[in-house]
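To keep things clear, I will list the structure first and then write my remarks on it.
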Amino acid sequence: MKTIDINQLVRKNILALQPYSSARDEFKGDAAIFLDANENPFGTLNRYPDPYQKKLKQALSELKQMPTEQIFIGNGSDEVIDLVYRIFCEPGKDKALTFSPTYGIYEVSANINDVPLIKIPLTAEFQPDLNLLEPQLHDQHLKVIFICSPNNPTGNNFDHIETILQQFDGIVVVDEAYIDFSERASLINLVAQYNNLIVSQTFSKARGLAAARVGVAFANEAIITWMNKVKPPYNVSALNQEAALDALKQSTTYDTQKKTLLEEREKMVVALKRIPLIKKVYPSAANFLLAEVSDANKIYAALTNKKIVVRNRHSVIQNCLRITVGTPEENQQLIQELQSLQA
Ligand SMILES: *Cc1c(COP(=O)(O)O)cnc(C)c1O
């Protein structure tokens, strides 16, 4: 059980912030005539959306067994990441930390917010290195640790997350964009035990809504309240809220697509391992595979010539390609192309 004073971690200007109060904030009852928000009275998308996405949160609350007050909805998880920097990190002074290689947005967002990011290299097994982390935990300017599990681009689940939560009294963000594809349980149950934990998930991967931009954060109510104060008032459009609600109702589609993708992932592992130019296929708990090849730049270019695009990760892990699991037909074509290339 951890009960950190969250306000003590919040930037001074944010603590003092008088948040914007929208028309929809100030009037919450049922009315027949809305003349309060300068909207055009005609049309179907003419009204501002619910700034707190109550219907969507209600549905998520039932699905995840989490009170609505502990749920934040963002314009993609990228908004959640940016808000964490803006709420907790004093530009040019406070620091954040992550285990690299990992999702690139933590670093871009750190740079945008002028927050130095400490990057601790993963161990050879792609795990967080607690020995390298330990000395950093004494840095009083370290405010946030970003942990991506399953990790992008390595594809594996991270160990030691709870140890890090026990040892660190700043904010710990666990990015679970790929948790649906993992056999490990989500850490959202730990939110009740660690009030400095933010678990972020997304509708962009297993839920199939990357175009809609809907990210979710689960955390202690104090943190969610700060996120609500700092976000743009209407950060998730009505269309996106609808799309997300609809996706939650399509639970059979979700289940069957997930099952197909997991089966395809395992088929691809077997097929890829038979191809001579593939040197190694790392185990994956996500909907992609990290593969070491003979020459990543060359193979990436050859695939592009065949109109197949994978992610070249050579710059972060030598000669590695990250391959998303596609439809059975797409995967089959990729395998055929790779078989036809010279090692
Ligand atoms: C794809 C991905 C996301 C999704 O971000 P959205 O802004 O929700 O689309 C988040 N985190 C990681 C690690 C990802 O790979």
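The values are calculated or read from the model by the stated rules, or taken from the named source; none is laboratory data. What you are looking at is a predicted structure, and each value in this text was computed from that prediction instead of being measured. Virtual Cβ from ideal backbone geometry, glycine too; neighbours counted across all protein chains shown. Ligands, DNA and RNA are stripped out before the accessible areas are found, and what is left, the full protein with its side chains, is counted by its heavy atoms. Shrake-Rupley method; radii C 1.70, N 1.55, O 1.52, S 1.80 Å.
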- Message: Between helix 221-230 and the chain, what is the angle of the helix's C-alpha long axis to the longest principal axis, kept within 0 to 90° and rounded to the nearest 10?
- Response: 80 degrees
- With only Lys, Arg, Asp and Glu charged, each at its Cβ (+1 for the first two, -1 for the last two), find how big the charge dipole of the range 139-260 is about the Cα centre; round to the nearest 20 debye. 400 debye
- Item | Positive-pole candidate from 37, 113, 225, dipole of the chain, charges at beta carbon | 113
- Query: So, counting K/R as plus one and D/E as minus one, what does the shell of residues with Cβ under 12 Å around residue 73 add up to?
  - Reply: +3
- Note on the structure: Note, residue 34: beta-carbon cut-off 15 Å, +1 each Lys/Arg, -1 each Asp/Glu, net -3
- How far, in degrees from 0 to 90, does helix 296-305 lean away from the longest principal axis of the Cα atoms of the chain, to the nearest 10? 80 degrees
- Based on Cβ point charges of +1 for Lys and Arg and -1 for Asp and Glu, what charge dipole magnitude is obtained for the chain about its Cα centre, in debye rounded to the nearest 20? 700 debye
- Acute angle (nearest 10 degrees) that the helix 54-64 long axis makes with the longest principal axis of the chain, alpha-carbon atoms: 50 degrees
- Message: From zero outward in steps of 10 Å, how is the percent of C-alpha pairs of the range 170-231 spread across the bins?
- Response: 22, 48, 28, 2
- When the accessible area of the chain is computed with all protein chains present and a 1.4 Å probe, what percentage of it is carbon and sulfur? 50 percent
- Message: Compute for the chain: radius of gyration divided by Kirkwood radius, i.e. Rg/Rh, restricted to C-alpha atoms, rounded to two decimals.
- Response: 1.00
- Message: If I take every Cα pair under 8 Å that is 6 or more residues apart in the chain, average their sequence separation and divide by the length, what percent do I get for the relative contact order?
- Response: 17 percent
- Quick one: which of 32-39, 98-105, 254-261 comes out on top by average Cβ neighbours within 10 Å, and what's the full order, highest first? 98-105, 254-261, 32-39
